[in-house]
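Everything on this sheet refers to the single structure shown next.
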Amino acid sequence: MSQSIQDIPLTTIDGAASSLADYRGKVLLLVNTASKCGLTPQYEGLEKLYREKKDAGLEVLGFPANNFNGQEPGTEEEIKSFCALNFDVSFPMFSKISVTGADIHPLYQALTAAQPVATGEGPMREKLAGFNIATNDAPAVLWNFEKFLIGKDGSVIGRFSPDTPADSPALRAAIDAALAG
């Protein structure tokens, strides 16, 4: 039996040892983030969602990644400052990791294996192709701001495309169902 997704070692953006076990019993929305992406304004919606649902048991967890066109070039300190100054981000952020490719972080290996296909996949892939940007094939993460939903029991129960906003009815319904579960 492989280790639980909750036991995979992580590091917070402040350099502290962590894991998803720190959030046991909560519903988690994991998002690979970037500061210089067309989707970066999603931070605002994610923060709003976090503030709205935190007391109900939702945690939004941000994982900065520089896998896509170098759109997260900063250091942890720069990323943290950017998020605070521009989007007043209060949800937990983690150290920069790789979410795809040969150096993929074990967390993202587990996430993509558990949910190989993203809901809402298609328009974003076509848009990137329109810009002649090479994209990863599923199950790999397509782009910044892809979202993985983890239930209270630690199982990966959903995956949403990068262009799915935090106020998407489908995402909201999945989160509410997980919170009620």
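What follows draws every value from the coordinates through simple rules; no lab data is involved. None of these values were measured; they are calculated from a predicted model. Heads up, the Cβs are rebuilt from the backbone with ideal geometry, glycines too, and the neighbour counts pull from every protein chain shown.
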Practice prompt. May I ask you to list the residues in the stretch 156-180 that are more than 19 Å from R51 (Cβ to Cβ), touching a residue at least 60 places away in the same chain (Cβ under 8 Å) and part of a loop (DSSP other than H, G, I, E, B)?
Written response: P162, D163
Item to complete: Test N132 against the criterion of being free of Cβ contacts under 8 Å to residues at least 40 places away in the same chain and either aliphatic (A, V, I, L, M) or surrounded by 15 or more Cβ atoms within 10 Å (Cβ to Cβ) (or both), and give yes or no.
Response: no
Worksheet item: When the residues of the stretch 92-112 are filtered to those that are under 15 Å from the mean Cα position of the chain (by Cα) and of a type in the set (A, V, I, L, M, F, W, C), which remaining residue is farthest from K54 (Cα to Cα)?
Response: I104
Worksheet item: For residues in the stretch 12-39 being in contact with a strand residue (DSSP E or B) (Cβ under 8 Å, 6 or more places away or on another chain), in a loop (DSSP other than H, G, I, E, B) and touching a residue at least 24 places away in the same chain (Cβ under 8 Å), which is nearest to K152 (Cα to Cα)?
Response: K26
Worksheet item: Of the residues E52, E44, E76, which single one is of a type in the set (D, E), touching a residue at least 24 places away in the same chain (Cβ under 8 Å) and under 27 Å from D167 (Cβ atoms)?
Response: E44
Worksheet item: Quick one: would you say T119 is among the hydroxyl-bearing types (S, T, Y), closer than 24 Å to C83 by Cβ and surrounded by 16 or more Cβ atoms within 10 Å (Cβ to Cβ)?
Response: no
Worksheet entry | Looking only at the stretch 66-101, and only at residues there that are of a type in the set (D, E, K, R) and part of a loop (DSSP other than H, G, I, E, B), the one that is nearest to K36 (Cα to Cα) | E72
